[in-house]
Amino acid sequence: MTTTITPYEEFHAGDLIEAERMNTMQVKIKQDIAGQVGQVNDALNEHMEAPVDADTFGGKTPDEWKGDLDQRYVMRSEIPSNWGEYRRYFKQLDRQLGGAPTFGPAIIEHELDRYPVITVFELLPLDVSDEANTGVKFLVYYAGHRDNAASRLSTRGLDTVHWGDSLDLLLNQFGLQVTPKQLFDDVLNDLWGRMFDPGLDQDHFRREAYGHSDYVQQQILDKDRTVEELKQMGIWEDLHMALRPRMIPLGIPYGDRNQDGATKQVDVFYLSQDALEIQATQQVDLMVLLRT
């Protein structure tokens, strides 16, 4: 399409260039420029007034776009609900069978329908300096100055960080509900039972592997404290369960040698997309994390 452009003020050959006609031409030029600038401003204002977060883009909502792109670029087998799962297991390998491996393997049937990423930690004994808890791996204590064990179950940096998680968090993770009138002794028994007696021998930790501090025994259990009383006393929110998991390498020896000169080694094998096997050359208590 051809656009015809006409002069602001038409001159012909031989015409005198008069000041009046030149001034008229300048006025027309300014009017033309002002008109075009006004059109641009109107267009910009209309664009700025349009909503930034529109309900749809290209006729589709954000969820519709996501679903469309998932179907095009994500493997269909990776979309089920167990994608992004996280699992935690406590295992003790202490059944000596003889031969290799020295101890019976731990079998974890996770039923995730995929090969999860595996991280393994050795549970180190907690140093609480009382005979009742020698070699303990899980200890309930009061994370405050009144409990002598608390100073040994913390790391000091710019701030003091007490080891372990609150009982409230653990009870929730293991699906346990407490009532105000429930004795704390019953709360502990329910928690230990849920953690260490789900049916498999290797989940049923030996009794000396878990316990509580002297303060918990003397000031809470011996006095038959209830959950309600502990909350009123301001103790409940500072009750922690300490453990000391150390990440270990897989498939290579690690740690100090025992009296026979041997080091520990832990190996993990996938049996299928629903089960895995853990072997160890020595007795060891483990925390196993699975992520998909």
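The values are calculated or read from the model by the stated rules, or taken from the named source; none is laboratory data. Given the structure is predicted, the values throughout are model-derived calculations rather than measurements. Cβ atoms come from the backbone with ideal geometry, glycine included; neighbour counts cover every protein chain shown.
Evaluating TYR89 against the criteria (1) assigned by TED's automatic domain parsing to the domain that holds TRP236; (2) modelled with pLDDT of 75 or more; (3) surrounded by 11 or more Cβ atoms within 10 Å (Cβ to Cβ) leaves one unmet condition, (1). Hey, does segment 151-163 have a residue that's acidic (Asp, Glu) and modelled with pLDDT under 95? Yes; the residues of segment 151-163 include at least one that is acidic (Asp, Glu) and modelled with pLDDT under 95.
Could you list, in sequence order, all residues of segment 250-283 that are under 23 Å from PRO125 (Cβ atoms), under 26 Å from the mean Cα position of the chain (by Cα) and surrounded by 18 or more Cβ atoms within 10 Å (Cβ to Cβ)? Passing the criteria: VAL266, ILE278.
One line per residue, one yes/no per condition, for (1) assigned by TED's automatic domain parsing to the domain that holds ALA150; (2) on the phi > 0 side of the Ramachandran plot; (3) in contact with a strand residue (DSSP E or B) (Cβ under 7 Å, 6 or more places away or on another chain):
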| site | (1), (2), (3) |
| --- | --- |
| MET233 | yes, no, no |
| GLU237 | yes, no, yes |
| TYR254 | no, no, yes |
| ARG257 | no, no, no |
| ALA275 | no, no, yes |
| THR281 | no, no, yes |
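Quick check: anything in segment 187-210 in the same structural domain as GLU237 (by TED's automatic domain parsing), of a type in the set (A, V, I, L, M, F, W, C), surrounded by fewer than 16 Cβ atoms within 10 Å (Cβ to Cβ) and at pLDDT 90 or above?
Residues of segment 187-210 in the same structural domain as GLU237 (by TED's automatic domain parsing): 187-210.
Subsequent filtering for residues that are of a type in the set (A, V, I, L, M, F, W, C) retains 187-188, 191-192, 195-196, 200, 205, 209.
So of that shortlist, the ones also surrounded by fewer than 16 Cβ atoms within 10 Å (Cβ to Cβ) come out as 200.
Those still in the list that are at pLDDT 90 or above too: none.
No, segment 187-210 contains no residue that is in the same structural domain as GLU237 (by TED's automatic domain parsing), of a type in the set (A, V, I, L, M, F, W, C), surrounded by fewer than 16 Cβ atoms within 10 Å (Cβ to Cβ) and at pLDDT 90 or above.
Within segment 215-252, the residues that satisfy the criterion of being without any contact (Cβ under 8 Å) to a residue 24 or more places away in the chain and assigned to a loop (DSSP other than H, G, I, E, B) are ASP222, LYS223, MET233, GLY234, PRO249, GLY251, ILE252. For first residues located in segment 173-193 and free of Cβ contacts under 8 Å to residues at least 12 places away in the same chain, partners that are surrounded by 16 or more Cβ atoms within 10 Å (Cβ to Cβ) and in a helix (DSSP H, G or I) and lie 6+ apart or on another chain with Cβ distances below 9 Å form the pairs GLN177/LEU171.
Once segment 253-292 is narrowed to residues that are small (Gly, Ala, Ser) and part of a strand (DSSP E or B), the residue that is nearest to LEU112 (Cα to Cα) is ALA275. Filtering ALA242, ALA275, ALA262 for residues that are among the small types (Gly, Ala, Ser) and either at pLDDT 95 or above or within 29 Å of SER151 (Cα to Cα) (or both) leaves a single hit, ALA242.
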